[in-house]
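The values are calculated or read from the model by the stated rules, or taken from the named source; none is laboratory data. Please read these numbers as outputs of a predicted model, since none were measured by experiment. Ideal geometry is used to build each Cβ from the backbone, glycine not excepted, and the neighbour counts take in all protein chains shown. Just so you know, the surface numbers come from the protein's heavy atoms only, side chains and all, with ligands and any DNA or RNA stripped out. Shrake-Rupley method; radii C 1.70, N 1.55, O 1.52, S 1.80 Å.
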Amino acid sequence: MRLVIATPTRILVERDDVAALRAEDATGWFGLRPGHADFRTVLEPSVVTWTDSAGADRYAALRGGVLTVRGGAEIEIASREAFVGDDLDRLEAALGDA
């Protein structure tokens, strides 16, 4: 799947090799895989995790946002503020600093 994570000032993530994604909205944690139905939800402040086609996990801390799935192959996340990194503890701490 294609993943784009953007803030008002820049695109933080643009990947074409996403095998799965995990995010959180008001109803709790949910997962997305290729072929998912079209979907839109408001995300809670949280850390989004995705797995690439090689099996590596990647992370982005979001101060909330909107997630949209299109055609079962495209995921777009718009957030007013987001941080990308490999250190999950640091990203979770960044959310607490707001």
Query raised in the report: What does the accessible area per residue of the chain come to in Å², with a 1.4 Å probe and no ligands, DNA or RNA counted?
Result: 55 Å²
Requested in this report: Under a 10 Å cutoff between Cα atoms, tell me which one of A78, A54, A37 has the largest fluctuation in the Gaussian network model of the chain.
Outcome: A54
Report task. Counting other Cβ atoms within 10 Å, keep those with at most 15, restrict to DSSP loop, and tell me which trypsin sites (Lys or Arg not before Pro) in region 1-92 are left. Result -> R10, R80
Query - Share of carbon and sulfur in the accessible heavy-atom surface of the chain [1.4 Å probe, %] - result: 47 percent
